[in-house]
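Everything on this sheet refers to the single structure shown next.
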Amino acid sequence: MHATHENPENPGVPRHMRERGGPRATAPSPLRQWHVGVALWLLGALALAVMAFFAHMEPLFPGDAGLVALARDANHTALAPALNFPSEANNVPTGGVIYLGAILVFAVLKRIRAAICVAFTTGIGGALNAIISAVVGRPRPAGAHVSTVGQIDTHSFPSGHVVSVVGLFGFLLFLTILIWRARPALRPWLLPLQAVCVYFLALIGFGRVAEGAHQPSDVLAGYLLGALLLALAIRLYHWLGRRWAAHQAQKAGARAA
C-alpha cells in the first residue's frame, strides 16, 4: 500500500489523480449553455401561454384579491409616492418620451447595437402585449382609469407597463454589468444607474396593482413576457457584436490584401 496525498486545492481528490488528468471541475460548454437557455426560454413561454389561457377563463387568479388588499394598504402610507413613481413615470406621454429618449441617446452616442435592442424590446413588446391583451380579453379591475395612446380601450392581461420597464431597464442593467466587468474604474459611476434600474424593475408591478390598473397575475405575466423579450434582446446584442467584428475583420483583410 502507498499513501495518497490529497490536493490542497481540491480536498478529497488525490494529487496523483489530479496530475494525471483525473476528475477536475470543468465549465459547461457554450453549446450546453445554449441548450439550457433555450429550454428555460421555452418553459417561460409555455408558462405564459398557460397563464393566458386561464386568464381568458377567470378574471382573478388565487391570491390576486389578497395581494391587491396588501398593495392598497401600503399605498396609504408615507412611502406611497416613492412606491408609485415607476408606474406613474411610465404613463402616457412620459413613458413614450423615456423610451424614445433612450433610443435617441444610444444613437447619438453611436451605440447602435444598444439602440436597436431597446427599439426591439419596446416595439416588439408593445405589439405582443397588444395581441395577447386582445386575445385574452381579461377586463381591468373595477374602476380602473388607465391612460393609453389615443385613449384606446385595452384589456388587463398582461401589464404593458411592466413589459416595457423590464425591456428597457432590464437591458440597461445588463449593459452596466458588461461595463462593470470590462472597466472596473467606472464602477462607482455605475452604481447609481444600477440602483435606478433595480428601483424601476422592483416597483413597477406594485404601482400597477396599487393604482388599480391590474391584477397581480397581470403583473406577473408582464414580468414573464418582459423577461422573455429581454433574453432575446441580449442574444441579439451579442449576435450583432459578432457580426460587426466579422465585418471589421473582413474590411481589414481586404485593405491588407
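Tabulated data for the structure shown
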quantity	calculated
Qualifying residue in region 173-184 (condition: in contact with a Ser or Thr (Cβ under 9 Å, 6 or more places away or on another chain) and modelled with pLDDT of 95 or more)	no
Evaluation of Leu42 against (1) without any contact (Cβ under 8 Å) to a residue 12 or more places away in the chain; (2) farther than 25 Å from Ala231 by Cα (one fails), failing number	(2)
Of the criteria (1) in contact with a helix residue (DSSP H, G or I) (Cβ under 7 Å, 6 or more places away or on another chain); (2) part of a helix (DSSP H, G or I); (3) not small (Gly, Ala, Ser), which one His214 fails	(2)
Identity of the residue in region 121-131, crowded, with 23+ Cβ neighbours inside 10 Å and among the β-branched types (Val, Ile, Thr), that ends up nearest to the chain's Cα centre (by Cα)	Thr121
Helices (runs of 4 or more DSSP H) completely within region 14-109 that count 2 or more residues being modelled with pLDDT of 90 or more and more than 30 Å from Ala213 (Cα to Cα)	30-57, 94-108
Residues of region 88-121 classified as hydrophobic (A, V, I, L, M, F, W, C), within 19 Å of Gly207 (Cα to Cα) and touching a Ser or Thr at 6+ places or on another chain (Cβ under 8 Å), total	1
Pairs where the first residue, in region 197-214, is in contact (Cβ under 8 Å) with a residue 60 or more places away in the chain and of a type outside the set (A, V, I, L, M, F, W, C) and the second is buried (at least 24 other Cβ atoms within 10 Å of the Cβ) and outside any loop (DSSP other than H, G, I, E, B), C-beta under 7 Å, 6+ apart	Gly207/Ser87; Arg208/Ser87; Arg208/His161; Arg208/Val162; Arg208/Val219; Glu211/Ser87; His214/Arg208
Near pairs, Cβ below 7 angstrom, 6+ apart or cross-chain, from region 164-193 (surrounded by fewer than 19 Cβ atoms within 10 Å (Cβ to Cβ)) to any residue that is basic (Lys, Arg)	Trp180/Arg187
Total residues in region 71-90, condition surrounded by fewer than 16 Cβ atoms within 10 Å (Cβ to Cβ) and either at positive phi or among the polar types (S, T, N, Q) (or both)	1
Matching entry among Val209, Val219 (being at pLDDT below 95 and β-branched (Val, Ile, Thr))	Val209
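Listed here are the residues, each with its yes/no results for (1) outside any helix (DSSP H, G or I); (2) under 28 Å from Leu79 (Cβ atoms); (3) touching a Pro at 6+ places or on another chain (Cβ under 9 Å); (4) not hydroxyl-bearing (Ser, Thr, Tyr).
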{"site": "Pro158", "(1), (2), (3), (4)": "yes, yes, no, yes"}
{"site": "Gly170", "(1), (2), (3), (4)": "no, yes, no, yes"}
{"site": "Leu173", "(1), (2), (3), (4)": "no, yes, no, yes"}
{"site": "Ala233", "(1), (2), (3), (4)": "no, no, no, yes"}
{"site": "His247", "(1), (2), (3), (4)": "no, no, no, yes"}
{"site": "Ala254", "(1), (2), (3), (4)": "no, no, no, yes"}
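The values are calculated or read from the model by the stated rules, or taken from the named source; none is laboratory data. Because the structure is predicted, anything quoted here is derived from the model rather than measured. FYI the Cβ positions are ideal-geometry reconstructions off the backbone, even for glycines, and counts take in every protein chain you see.
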